[in-house]
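Input: a single structure, listed below in structure tokens.
The values are calculated or read from the model by the stated rules, or taken from the named source; none is laboratory data. Since this is a predicted model, take the numbers as computed values, not measurements. Cβ placement follows ideal geometry from the backbone for every residue including glycine, while neighbour counts extend to all protein chains displayed.
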Amino acid sequence: MKTLAFASRNRKEILRDRLNLAFGIGFPVVLLLLLSAIQSSIPVELFTIDRLTPGIAVFGLSFISLFSGMLIAKDRTSSFMMRLFTSPLKSSDFIFGYTIPLLPMAVLQIAVSFAVAFLLGLTVNINVLITIIVLIPAAFLFIAIGLLCGSLFNDKQVGGVCGALLTNLSAWLSGTWFDLDLVGGAFRKIADALPFVHAVRSGRAALSGDYSSVFPDLWWVIGYAVVIMIIAILVFTKKMNSDDL
Amino acid sequence: MIAIQTEDLTKKYKEKIAVNSLNLTIEQGELFALLGVNGAGKSTTIKMLSCLTKPTNGEALILGNSIVLDAIKVKEIINVSPQETAIARNLTVRENLELVKGIYGSDKKQSKQKAEEIIVDFGLSEIACDKAKTLSGGWQRRLSIAMALISEPKILFLDEPTLGLDVLARRELWRVIKQLKGKVTIILTTHYLEEAESLADRIGVMAKGELKAIGTANELMTETQTTKFEDAFVEIVEQGGMQI
């Protein structure tokens, strides 16, 4: 009950920040439309709607990190957190309370990308549903990144880290905008070591019906999600018990 | 019955001693004011008693529960109105109240019911549907105190509740606090001496992390041979206290 009450508050706080919400859902949609327009004028295999949509969906999830990070950072730097920390909420209530409202938002954001893709010619079939499910670990990953950043930084820093750095990392190193093989070298190695390209690849595999290729890319995403979530929980709990409020 | 009992309660931040061996007993239903200049240790004391920070040494019992060993039990029976207004800005007044009732374990129905009661008691009906961020400073502070009371705490900590408010808003909050006297044990920290003099049953004066004096306003004036409470306060802080 305590967790749900707190989760309900967090859901309202995020949904009522209209500018963030419009940007978070609107920007990936605009990119999808823009890149599809480029594709229709100058055909590029990378920008075909079935390859582009999983990439845009993963990119859109970086805004979920921004939402969660900003909310936690704002709470942490306000007296409101003092009120929450003097209540009987435990650290698990906080973590679940922040995570529960974000998961349906992340799924909704992925679904919006696919809904727009349908209008742009993506075939409606069962693979779309499978892809959305395959992208859920990526949603957890971005939620965990937001929890971690929100626990470590203030709201301005979260804006920089999640709003600028993470969105760029998830864009450039995901293989959505350009083929990573074209760049190669260290860039390619860095991209392969991070989870973003693996999330996009597993999504593309699911969407194409090539289910056997979903793994091992998905293991990378799940591994990163679990590790970052554990670190986020440890950092948040440490902050909760520290004198530095 | 004793509401709060501290025994050599101490808080050190590296080399700095914020609170030094605080020994204090507060009775249930009492309104106790903690006074002191900036850095005297008032807020640190509140933070320790509300389990927000752990003491370096010593112990405090809140209605018999240890702040060190039974923090969750303590948190269930206390509530705090922090120094700065602590509200969820994008939530309405009603939603803020329901939220606090919810995080103290009540279900939705109970939360809604209690929120309505508090809205009436605190005269918040007109603004119940307004978002907290649109309220004036006075209304936000009133909401913050209402949020501290909706969980029906046995002990309420008010950390400088009228800081930054205009005279009218401050008087209005005094009225609200006076209504609570006897029903809830209140620990009030303030810089406004007249506030403590007007509201408190007993007053403790802290300086440099130590409790320098304790008693009613009249007792403190008598002890310091002064006729104004402000003079008594200055005497206690400047002279390093009196026998307590």
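Annotation note: Cβ proximity below 7 Å between a residue of the range B:128-154 that is within 11 Å of another protein chain (Cβ to nearest Cβ) and within 11 Å of B:VAL80 (Cα to Cα) and a residue that is part of a loop (DSSP other than H, G, I, E, B) and of a type in the set (S, T, N, Q) (sequence gap 6+ or interchain) occurs for B:SER144/B:THR85. Please work out if B:GLU223 is in a helix (DSSP H, G or I), without any contact (Cβ under 8 Å) to a residue 24 or more places away in the chain and over 30 Å from B:PRO55 (Cα atoms). In short, yes. Report whether or not B:ASP107 is more than 8 Å from chain A (Cβ to nearest Cβ) and at pLDDT below 95. So B:ASP107 fails the test. In the range A:127-245, counting only helices (runs of 4 or more DSSP H) that sit wholly within it, none holds 2 or more residues that are closer than 26 Å to A:ASP75 by Cα, within 14 Å of chain B (Cβ to nearest Cβ) and under 15 Å from the mean Cα position of the chain (by Cα). Name the one entry in A:SER62, A:SER68, A:SER36, A:SER78 that is surrounded by 16 or more Cβ atoms within 10 Å (Cβ to Cβ), away from every other protein chain (no Cβ under 14 Å), among the polar types (S, T, N, Q) and closer than 30 Å to B:ALA71 by Cα. Residue meeting the stated conditions: A:SER68. Please go through the range B:110-127 and pick out each residue that is within 14 Å of another protein chain (Cβ to nearest Cβ), without any contact (Cβ under 8 Å) to a residue 24 or more places away in the chain and among the charged types (D, E, K, R). B:LYS112 - this is the single residue of the range B:110-127 that is within 14 Å of another protein chain (Cβ to nearest Cβ), without any contact (Cβ under 8 Å) to a residue 24 or more places away in the chain and among the charged types (D, E, K, R).
Taking the criterion of being buried (at least 16 other Cβ atoms within 10 Å of the Cβ), closer than 21 Å to A:SER68 by Cα and at pLDDT below 90, would at least one residue in the range A:211-230 satisfy it? The answer is no, given that none of the residues of the range A:211-230 is buried (at least 16 other Cβ atoms within 10 Å of the Cβ), closer than 21 Å to A:SER68 by Cα and at pLDDT below 90. Can you find a residue that is in contact (Cβ under 8 Å) with a residue 40 or more places away in the chain and buried (at least 24 other Cβ atoms within 10 Å of the Cβ) anywhere in the range A:45-53? Scanning the range A:45-53, I find at least one residue that is in contact (Cβ under 8 Å) with a residue 40 or more places away in the chain and buried (at least 24 other Cβ atoms within 10 Å of the Cβ), so the answer is yes.
Residues in the range A:194-210 that are surrounded by fewer than 16 Cβ atoms within 10 Å (Cβ to Cβ) and among the polar types (S, T, N, Q): A:SER208 only. Specify the residue that is surrounded by the fewest Cβ atoms within 10 Å (Cβ to Cβ); the eligible residues are those in the range A:83-126 that are among the small types (Gly, Ala, Ser) and more than 14 Å from every other protein chain (Cβ to nearest Cβ). Ranking the candidates gives A:GLY121 first.
Okay, residues lined up against (1) modelled with pLDDT of 90 or more; (2) touching a helix residue (DSSP H, G or I) at 6+ places or on another chain (Cβ under 9 Å); (3) surrounded by fewer than 23 Cβ atoms within 10 Å (Cβ to Cβ):
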| position | (1), (2), (3) |
| --- | --- |
| B:VAL184 | yes, yes, yes |
| B:THR189 | yes, yes, no |
| B:TYR192 | no, yes, yes |
| B:GLY209 | yes, yes, yes |
| B:ALA213 | yes, yes, no |
| B:THR222 | yes, yes, yes |
| B:THR227 | yes, yes, yes |
| B:GLU238 | no, no, yes |
| B:GLN243 | no, yes, yes |
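The selection criterion, being out of contact with any Lys or Arg (no Cβ under 6 Å at 6 or more places or on another chain) and touching a residue at least 24 places away in the same chain (Cβ under 8 Å), holds for A:GLY159.
Taking the range B:115-139 as the range and being in a helix (DSSP H, G or I), more than 22 Å from the chain's Cα centre (by Cα) and buried (at least 19 other Cβ atoms within 10 Å of the Cβ) as the test, only B:ILE127 passes. For the range B:66-98, the set of residues classified as free of Cβ contacts under 8 Å to residues at least 12 places away in the same chain and either more than 12 Å from every other protein chain (Cβ to nearest Cβ) or surrounded by 24 or more Cβ atoms within 10 Å (Cβ to Cβ) (or both) consists of B:SER66, B:LEU69, listed by residue number.
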